[in-house]
Amino acid sequence: MNMLLAAGNTTSLAVICVYLFLLLVLGVVSARLFKGTAADYFVVSRSVGSFLMLMSIFGTTMTGFALVGSTGKAYSTGIGVYGLMASWSGLIHSAVFFLIGIRLWAIGKRHGYLTQCEYFRERFDSPMLGYILFPILVGLVIPYLLVGVIGAGKAVQPITAGSFPDLFPAYKPDGSINPGLHGGIPPWIGMGVICLIVLFYVFFGGLRGAVWANTLQTIVFIITGLIAFYMISTRLGGLAEASKAVAEKPETASRLAREGLVGHAQFFTYCFIPLSVGMFPHLFQHWLTAKSAKSFRLTVVVHPIFIAIVWLPCIMIGIWAAGHFGATVPDANTVLGRMVNTLVHVPWLSGLLGAGILAAIMSSLDSQFMCIGTMFTRDVVIRFFGEDRFSDKQKIWIGRGFILLIVLISYLLALVLQKGTHIFDLGVWCFSGFAALFPLVFAAVYWKRATRAGAISSVAVTAAVWTVLFVNDMIAKQSRQPGQDDELLILNMMPVTIIIAASALTLVVVSLVTQPPSTQTLAKFFPEKR
Amino acid sequence: MARYTIWILFVAMFLLHHDFWYWDDTTLVLGFLPIGLAYHAGFSIAAGLLWLAAVKWAWPSELERWADEGDAS
């Protein structure tokens, strides 16, 4: 029996390896189409059409957070997770694409911007704003990267469990074998391989490599997610039986509703979290790749539907896991992998599902690595040494060098933080930081009275309030029991509410009491009404 | 006018997101889908339709012209 299991899981591993090899091939092909210019490497020569735009933006916004994190959170908190994140995101993300994304694309195209710092620096006529924003944006992208890297490591181990029992044994705290993880590829290897694959196609293919890979990966994770949903529900005796098992257990029945699991104020104030997409630097870069404003249309309309297609199966699998395992799984992040491994007994299909999970994770990692490389090249190196100091070829190599450094730092941080980090909560903190900067981008594109002092004060207040609340939550988490799942709430609201209020209030008050921007600056950034 | 209608619908959807009436309801729609989840799945589809209407009737075509007037690559 054990030999059969091991053989099956080796097949799963082989399928994952084949998929990863395909990504390497994609990296080589996209590198062959590379035109050799910095504009091509960093924004695909602004040539991306509707379909690639939809797939790359959706793939970028869906990460380990959406698959591994949502399933784990639904396992512990129930169906409310969908309303907290997925349905709010469907409404708010598209609103941000429509109101902010198209405008930033137009401004970026008109003035040739490649990064957010370049835009904000000129919009507010303040080099200092660029210097303040750069470390904050990089500092917020890194936890987001970690969500993906840690998620990848935690997903691979249970899916490949049984493959190498002698090489990678896994034990419970009491010393007995942990069957869900025993013999699986340990997170330090899984995380390392994923980082290397993404590094390869981004390094050689630039943002074109990322856009192509995102498209392939989005197709893969949507299809495999639906297959996983079908297979798992079938193994559990059908849709009705699977849900009935949850309803019949007193300790899990509450997960079919929200009472006692999600508070009203918490549920409502989650609406601020999806505003984060307005300030994601990697999404900013994707917006700039659009061939025309029309490239956004399909994304704006289909994005909410795609979110539903990915999140609904994950939430259902999460609550079914509660019915199947009971409330006994210590690490909720491993729930999706455990469900696939214990219920889907077709090895190649398990492997494909594993590849799908990794696809979702990698489709965000690539854009994040890419945007950090771009920001470092444009906002630090070129800013200090001048636009004409380097050739296009040198700029590309500087970007690549920094991408390599960030991959290494992310991997080392993921190794340190992997144990005990709840992917969903880490993701929410990261999104909260970006969301709190939303008033800045909104004011930049719509409020002519927003001033340099207002912008700088708003960013400083955001950074200070976010840091205080984040550190408080981390300290509080240390006193909780392992596996205990409590989010920090302030007056029953999400902390993002406080941070975004402080950010917006500071921006408005300071702007109103300081000198307005010059008419030349406003003429540059606001289209005249005709 | 179309733009105002879209934003009024947006505010209506924003408010309808908070379905307190299904808060403690564990009814399974079609025998498997918790009713609170079914409501929010429908909400996602409605959001897609809202944005379809926005793209059709409130598209900012003036921005595209403005972007093309610039000389940057």
(Q) Just the residues that are of a type outside the set (A, V, I, L, M) and touching a strand residue (DSSP E or B) at 6+ places or on another chain (Cβ under 9 Å), please, taken from region A:496-519. (A) A:Thr497
(Q) Based on this model, can you work out whether A:Leu104 counts as touching a helix residue (DSSP H, G or I) at 6+ places or on another chain (Cβ under 9 Å), more than 19 Å from A:Met362 (Cβ to Cβ) and either within 14 Å of chain B (Cβ to nearest Cβ) or of a type outside the set (Phe, Trp, Tyr) (or both)? (A) yes
Q | Complete set of residues in region A:6-45 that are over 24 Å from A:Thr377 (Cβ atoms) and modelled with pLDDT under 80 | A | A:Ala6, A:Ala7, A:Gly8, A:Asn9, A:Thr10, A:Ser12
Q: Could you tell me whether any residue of region A:17-36 is of a type in the set (Ser, Thr, Tyr), under 21 Å from A:Lys154 (Cα atoms), more than 14 Å from every other protein chain (Cβ to nearest Cβ) and surrounded by fewer than 24 Cβ atoms within 10 Å (Cβ to Cβ)?
A: yes
Q: Could you check A:Gly238 against (1) at positive phi; (2) under 21 Å from the mean Cα position of the chain (by Cα) and say which number it fails?
A: (2)
**Q.** Check on A:Gly184, at pLDDT below 90, buried (at least 24 other Cβ atoms within 10 Å of the Cβ) and either on the phi < 0 side of the Ramachandran plot or touching a strand residue (DSSP E or B) at 6+ places or on another chain (Cβ under 9 Å) (or both)
**A.** yes
Q | Selection within region B:1-14 - more than 10 Å from chain A (Cβ to nearest Cβ) and in a helix (DSSP H, G or I) | A | B:Ala2, B:Arg3, B:Tyr4, B:Thr5, B:Ile8, B:Leu9, B:Val11, B:Ala12
Q) Among B:Trp23, B:Trp66, which is the only one that is under 12 Å from A:Ile79 (Cβ atoms), within 7 Å of chain A (Cβ to nearest Cβ) and either surrounded by 13 or more Cβ atoms within 10 Å (Cβ to Cβ) or not polar (S, T, N, Q) (or both)? A) B:Trp23
Q) How about region A:235-257: which of its residues are within 9 Å of chain B (Cβ to nearest Cβ) and exposed (fewer than 14 other Cβ atoms within 10 Å of the Cβ)? A) A:Gly238
Q: Would you check which residues across region A:98-118 are under 20 Å from the mean Cα position of the chain (by Cα) and buried (at least 24 other Cβ atoms within 10 Å of the Cβ) and list them?
A: A:Gly101, A:Thr115, A:Gln116
Q.
So in region A:258-277, with the set limited to residues that are buried (at least 20 other Cβ atoms within 10 Å of the Cβ) and polar (S, T, N, Q), which one is nearest to the other protein chains (Cβ to nearest Cβ)?
A. A:Thr269
Q: Count, please, the residues in region B:26-43 that happen to be hydroxyl-bearing (Ser, Thr, Tyr) and facing chain A (nearest Cβ under 7 Å).
A: 1
Q.
Please pick out the residue among B:Ala46, B:Ala54 that is part of a helix (DSSP H, G or I) and more than 7 Å from chain A (Cβ to nearest Cβ).
A. B:Ala46
**Q.** Number of positions in region A:278-316 that are of a type in the set (Lys, Arg) and either more than 8 Å from every other protein chain (Cβ to nearest Cβ) or surrounded by fewer than 22 Cβ atoms within 10 Å (Cβ to Cβ) (or both)
**A.** 2
Q) Of the residues A:Ser45, A:Ser56, which is in contact with a helix residue (DSSP H, G or I) (Cβ under 8 Å, 6 or more places away or on another chain), buried (at least 19 other Cβ atoms within 10 Å of the Cβ) and assigned to a helix (DSSP H, G or I)? A) A:Ser56
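The values are calculated or read from the model by the stated rules, or taken from the named source; none is laboratory data. Note that the structure is predicted; figures quoted are calculated from it, not measured. Here the Cβ is made from the backbone with ideal geometry for all residues, glycine too, and neighbour counts use every protein chain on show.
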